[in-house]
Each structure stands twice: as structure tokens, then as C-alpha cells.
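Here's the structure, in C-alpha cells; my notes come after.
The values are calculated or read from the model by the stated rules, or taken from the named source; none is laboratory data. Because the structure is a prediction, the values reported are computed rather than measured. Every residue, glycine among them, receives a Cβ derived from its backbone with ideal geometry; neighbour counts consider all protein chains shown. The protein model used for the area step is the full one, side chains on, heavy atoms only, and it has no ligands, DNA or RNA in it. Shrake-Rupley method; radii C 1.70, N 1.55, O 1.52, S 1.80 Å.
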Amino acid sequence: MTTTEPEPIDFETRLQTALEDANDDESHVERDAVTFHPSQIAACERQAYLGKLGLKDHSDILGTFQTGTLIHEFIEEHVGPQLADAEFEKPVEYETDGVRFVGHTDCYDSDRNAVTDFKSRGGWYNFNPPNDRHLDQIHVYMAATGADYGQVVYVSKKDMEVRTYPENGYFEFDPDRFAAIVERAQRVKQAIDEDGVATSAGEIPLEKCGCFLCNSETLAFDD
């Protein structure tokens with residue numbers, strides 16, 4: 001008896017479709033000039049502009065986002081109940097000098113008056129903290145909560161190994177760093193006020209700065 005081998009399920013396509021279905025294109029998008037999420041303003045001015053206005057194409061890194069989200073959810077669900085004074089995914093809103101920051105802290109510990117931000121990594125190759133973007137992001141959370149101390153907790157996607165910055169203890173809030181972040185947000189706000197929302201690459205009012213994100217940027221429109 002001759003049988004025909006069945007065609008296998010195309011899991012690659014189905015997984016990509018599932019990632020696209022699970023992705024919220026409007027998450028973190030703020031089309032007004034004044035509102036910024038900490039993760040956006042931690043980037044350079046051009047990338048902050050593109051990110052807050054929803055002008056970046058994330059289709060090729062949806063899997064990276066999803067695995068990071070799963071790790072965050074695991075920590076919140078299984079570590080959170082062990083920490084009586086810690087609040088996970090605490091909503092924050094902070095206005096200063098004409099700009100507004102909104103978002104959620106990964107973890108705020110009121111007893112220690114400290115913010116912890118979780119970052120997932122594929123491994124430890126080229127691991128050399130501190131990362132300026134990570135420090136800028138957590139400084140916005142620290143300003144919004146009034147926290148004096150912060151720590152970035154890095155978690156390996158491979159085996160959940162943890163490394164931290166600083167390696168032991170916390171770093172203190174740096175008002176000069178936060179002031180520079182506010183000034184960056186003000187410059188992005190000014191670009192939006194003066195030039196509006198770009199509809200093509202040629203209309204983006206801010207030049208590439210040469211950072212990794214600028215060099216690897218993908219846009220939601222073709223020029």
C-alpha cells in the first residue's frame with residue numbers, strides 16, 4: 001500500500017502570525033508632542049521621536065519583545081509574592097518643564113525607596129554595564145517615584161541566570177543625568193511642534209546620530 005507523506009505544519013509561519021496577532025501596534029505610542037515613555041526617551045532624539053510617534057517597524061524583533069515580556073511576567077508572578085514591600089508594574093506619571101513621562105516601573109520597593117528595572121538578554125557576550133540607555137530609563141522611573149536608589153537586573157533568556165548593575169547594592173539618583181533627559185525630551189517636543197509627524201523618511205526632522213539604534217533602524221513607511 002502506497003501512502004503519500006503529509007505536508008508538515010509550517011510552524012515558522014504560524015509562530016510569526018501568532019507574534020503579530022499578540023503585538024499591540026499602539027502600545028507606547030504617544031502622538032502628542034509632550035508625552036514620553038521612559039524606554040523611548042532613553043534613546044537618542046531621533047529614535048525617541050520615531051518611537052513615541054509609532055513610526056518604527058518592529059516586525060523583525062517581535063519574538064525578542066515576547067520573550068522579554070514572558071520573563072517579566074514570570075518575575076512578577078513568582079517573585080512578587082515573596083516581597084511584601086515591593087510593587088510590580090507600578091504606574092507612574094511625572095510632569096516637568098513642559099514634558100510628561102508615563103509608564104510602569106518593573107519594581108518599586110517603598111521600604112528601600114528603590115527602583116529595580118529588569119532587562120532580559122540572550123547571553124553575556126559583550127556584557128559590560130552600565131548601559132546609558134538603561135540608566136536613563138531607570139532614572140525617569142526614579143524621578144517619578146521619588147526613589148533615591150536604583151538597580152538594573154539582567155536576566156539571561158537561556159537559563160534565567162541573573163547579573164546586576166551595580167554588582168552589589170544600588171546606585172544613587174543623579175539629578176544631572178535626569179536634567180539631561182528632560183532637555184532631550186524638550187528638543188524632541190520642539191521638533192514635533194515645528195515639523196509635525198513625518199509621513200516619509202525624508203520628513204523626519206532629526207538626523208541619525210550614529211548610535212546602534214539609528215544604524216539598525218527600520219521604518220513603518222517607505223520613502
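Give me the one-decimal nm value for the distance between modelled label points at Glu12 and Phe178, 7 Å along each residue's Cα-to-Cβ direction.
About 4.8 nm separates the two model spin labels.
Between Glu167 and Arg100, how many nm apart are label points set 7 Å from Cα along the C-beta direction?
Spacing of the two 7 Å Cα→Cβ label points: 4.3 nm.
Once each part is reduced to its C-alpha centroid, what is the distance from the stretch 103-120 to the stretch 161-218 in angstrom?
Cα centres, the stretch 103-120 to the stretch 161-218: 20 Å.
So what is the relative contact order of the stretch 61-195, in percent, for Cα pairs below 8 Å that sit 6 or more residues apart?
20 percent.
So, how do all the Cα-to-Cα distances of the stretch 61-195 break down into 5 Å bins, in percent, from 0 on up?
2, 9, 18, 21, 20, 15, 10, 4, 1, 0
So what's the back-of-envelope 222 nm ellipticity for the chain, counting only DSSP H runs of four-plus at -39500 (n - 2.57) apiece and dividing by all residues, rounded to 500?
Using -39500 (n - 2.57) per qualifying helix, the result is -11000 deg cm²/dmol.
Give me the 1.4 Å probe accessible area per residue for the stretch 61-195, excluding ligands and nucleic acids, in Å².
That works out to 55 Å² for each residue.
For the chain, give the magnitude of the charge dipole about the Cα centre (Cβ charges: +1 Lys/Arg, -1 Asp/Glu; no others), in debye to the nearest 20.
560
If you plug each phi of the stretch 96-113 into the Karplus form 6.51 cos²θ - 1.76 cosθ + 1.60 with θ = phi - 60°, what whole-Hz ³J(HN,Hα) values come out, in order, with x for Gly and Pro?
7, 6, x, 10, 10, 10, 9, x, 9, 6, 5, 7, 10, 9, 5, 5, 9, 6
For the chain, set up a Gaussian network in which alpha carbons nearer than 10 Å are linked by springs, and say which option among Lys119, Lys90, Lys189 fluctuates the most.
Comparing Lys119, Lys90, Lys189 in the GNM, the peak value goes to Lys90.
Can you give me the long-range amide H partners of Lys119? Hydrogens built in the peptide plane at 1.01 Å from N, cutoff under 5 Å, separation of 5 or more residues or another chain.
Amide H to amide H, under 5 Å and 5 or more residues apart or across chains, Lys119 pairs with Val153, Tyr154, Val155.
Just to verify a number: FRET efficiency for Leu70 and Glu194, C-beta to C-beta distance, R0 = 45 Å, to 0.05?
0.65
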